[in-house]
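Take a look at the structure below.
The values are calculated or read from the model by the stated rules, or taken from the named source; none is laboratory data. Treat the numbers as computed from the prediction; the structure is a model and nothing was measured. Quick reminder, even Gly has a Cβ in these numbers, built from the backbone with ideal geometry, and neighbours come from all protein chains shown. What goes into the accessible areas is simple: the full protein's heavy atoms, side chains included, and nothing from ligands, DNA or RNA. Shrake-Rupley method; radii C 1.70, N 1.55, O 1.52, S 1.80 Å.
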Amino acid sequence: MSLIESLSANLPKLLDGLETTLLLTGLGAALAAVFSPGLALIRLGGPTPAKVLLRIYISFMRGTPLLAQLFLVFYGSGQFRAELTALGLWSFFRDPFNCAVLVFVLNSCAYQTEILRGGLQAVPPGEIEAARAIGMTRAQVLARVTFPHAYRIAWPALGNEVILLMKASALASIVTVFDLMGRTRQIFSRSFEFSVYFEAAALYLLITVVFVFLWRQIERRLTRPMRRTQGN
Amino acid sequence: MPPKTATDLVLSAQDIHKSFGAQEVLKGITLGARNHDVISILGTSGSGKSTFLRCLNCLEIPNSGSVAVHGEEIVFRNGRIGDQRQIERMRRHLGMVFQQFNLWTHRTALENVMEGPVQVKRMAKPEARDLAEALLARVGLADRMHHYPAMLSGGQQQRVAIARALAMEPDVILFDEPTSALDPELVGEVLKVMQDLAAEGRTMIVVTHEMAFARDVSTEVVFLNEGRIAEQGPPDKLFDHPETEVFARFISKTRRDIA
Ligand SMILES: Nc1ncnc2c1ncn2[C@@H]1O[C@H](COP(=O)(O)OP(=O)(O)OP(=O)(O)O)[C@@H](O)[C@H]1O
Ligand SMILES: [Mg+2]
């Protein structure tokens, strides 16, 4: 069978997997992005107990393998089936996709919080003072000056984090999620066609390239004000 | 000069004390500004000029003393922030121009000037835009409105910063060495704008090393030394007949620097 024929035969399944991969990564990264700004603020200036808890959480998430975290939630939740059922949560944990999303949110949130913390610390203090001096409330200073600036600084690193998450999402196939990797393994186990792995790799590469391109476009726009030559 | 009475004062600071750790930087400073006053604050490096100015709008919280703006008084005890809302309200009456300009780098000149009126005063955007355009034109930047700060020279950035302060229609504008970060050839354009503001009758408190400005533009000069006011009065009197040894040395030294 030629590569083209094999690809066209596998493509529907692979695209179905690709959709799951994108959903898994997108949901994970986006939900993490909802929580990271607040957590980054606590990390910098919150009450001490909250700071300590946050540091423990971040160290755990960054210091243990993602696969171990996936197993912990996926198999761990099975151990507590009765309790989770009583709480009405079992239907959530029964679905491996949900478990994977939960782990990705928790994991990516730890990384994003740290990235954003760095961004916040790099905002020029003078710009914050100017905002305070003009009579802005604390919330206004954050919304109008601190975060817009911090995100511009953090943007490239955040994009990197999303790419890493996307590639790491292949691990979800191990807990029986049929993402791109899951579909690929399924096809291979039936046909022993090695080329399907190349096809999957090409698809991963494709989405990474497209993502990097889009992210760079936004980055250019965001950082245009900071460049001395302001073409494009 | 007629004596100042409490009711004349748009801004007054009473017995301001400020320490950083064990170091007492301000040791009881009392100063009042009436409408149309232009007060120059002089002093050697480290004498507490910036700290005092920053206490006036609570960028530093004094350990004790009080500041009254527009009839509203804030009393400081133990260096704690009392009512954050009150501080925010008070800051709306005070403009501030910084040595390093501190423009918001992600906003154009126009957006920098519009920001305060729109966000703080809740002015409608078209109205704020008109105001900002007029102010930028006044400081000579009609053709730079859509430039980002990175594209402007230091002198231009500082003029945007002045327009940004003016946009809030402050009762008093505080300047902290507004020309010290500028290349010598750019100092003039900023001083010119400040001189125009003084001529217009704006109330200003200016920390400066520009002796000519202190002497020719200000209505009152204050000399800070080691956290205290060592000398205070009309510029002619002070410069021609310094009363203290430190101030005499200070002027002769700056004269030498200029020469
Ligand atoms: N945030 C701070 N923390 C600790 N010490 C400070 C702080 N700000 C100022 N100081 C100290 O307070 C003293 C007065 O500083 P200040 O900046 O008010 O002086 P200045 O008169 O403005 O000097 P310059 O002419 O150099 O600007 C200095 O000894 C300085 O080191
Ligand atoms: Mg200073």
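Evaluation of B:D240 against the conditions (1) out of contact with any His (no Cβ under 8 Å at 6 or more places or on another chain); (2) over 26 Å from A:M136 (Cα atoms); (3) open to solvent by less than 30 Å² (accessible area, probe 1.4 Å) shows that the sole unmet condition is (3).
Looking across the stretch B:27-50, the residues that are part of a loop (DSSP other than H, G, I, E, B) and either polar (S, T, N, Q) or within 12 Å of ligand 1 (Cβ to nearest atom) (or both) come down to B:N35, B:T44, B:S45, B:G46, B:S47, B:G48.
Here's the yes/no breakdown for (1) part of a helix (DSSP H, G or I); (2) modelled with pLDDT of 95 or more; (3) touching a helix residue (DSSP H, G or I) at 6+ places or on another chain (Cβ under 8 Å); (4) closer than 20 Å to A:V141 by Cβ:
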| site | (1), (2), (3), (4) |
| --- | --- |
| B:M96 | no, yes, yes, yes |
| B:L103 | no, yes, yes, yes |
| B:P117 | yes, yes, yes, yes |
| B:A134 | yes, yes, no, no |
| B:Q157 | yes, yes, yes, no |
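Exactly one residue among B:A167, B:A248, B:A199, B:A214 is more than 25 Å from B:L9 (Cβ to Cβ) and either among the small types (G, A, S) or outside the structural domain of B:L11 (by TED's automatic domain parsing) (or both), and that residue is B:A248. Scoring A:P148 on the criteria (1) at pLDDT 95 or above; (2) in contact with a helix residue (DSSP H, G or I) (Cβ under 8 Å, 6 or more places away or on another chain) leaves a single failure, condition (2). Taking helices (runs of 4 or more DSSP H) as the structural unit, those lying wholly within the stretch A:1-103 and holding at least 2 residues that are without any contact (Cβ under 8 Å) to a residue 40 or more places away in the chain and polar (S, T, N, Q) correspond to A:48-63, A:66-79.
Kindly indicate whether any position in the stretch B:60-72 is away from ligand 2 (no atom under 16 Å from the Cβ), touching a helix residue (DSSP H, G or I) at 6+ places or on another chain (Cβ under 9 Å), open to solvent by 40 Å² or more (accessible area, probe 1.4 Å) and part of a strand (DSSP E or B). Yes, because at least one residue in the stretch B:60-72 is away from ligand 2 (no atom under 16 Å from the Cβ), touching a helix residue (DSSP H, G or I) at 6+ places or on another chain (Cβ under 9 Å), open to solvent by 40 Å² or more (accessible area, probe 1.4 Å) and part of a strand (DSSP E or B). Filter the stretch B:193-228 down to residues that are surrounded by fewer than 19 Cβ atoms within 10 Å (Cβ to Cβ) and outside any helix (DSSP H, G or I) and give me whichever is nearest to ligand 1 (Cβ to nearest atom). Looking at the filtered set, the residue picked out is B:H209. On the given criteria, is B:A165 within 14 Å of chain A (Cβ to nearest Cβ), in contact with a Gly (Cβ under 9 Å, 6 or more places away or on another chain) and not in a helix (DSSP H, G or I)? In short, no.
If I filter the stretch B:20-34 for residues that are within 16 Å of ligand 2 (Cβ to nearest atom), without any contact (Cβ under 8 Å) to a residue 40 or more places away in the chain and farther than 28 Å from B:D236 by Cβ, do I get at least one hit? Yes, the stretch B:20-34 contains at least one residue that is within 16 Å of ligand 2 (Cβ to nearest atom), without any contact (Cβ under 8 Å) to a residue 40 or more places away in the chain and farther than 28 Å from B:D236 by Cβ.
When restricted to residues that are among the polar types (S, T, N, Q) and within 30 Å of the chain's Cα centre (by Cα), the stretch A:121-138 contains 1. Note on the stretch B:174-192: among residues that are of a type in the set (D, E, K, R) and away from ligand 1 (no atom under 16 Å from the Cβ), the one that is nearest to the other protein chains (Cβ to nearest Cβ) is B:D183. If the condition is being under 20 Å from B:P149 (Cα atoms), outside any loop (DSSP other than H, G, I, E, B) and open to solvent by 30 Å² or more (accessible area, probe 1.4 Å), then the stretch A:104-129 contributes A:P125, A:I128, A:E129.
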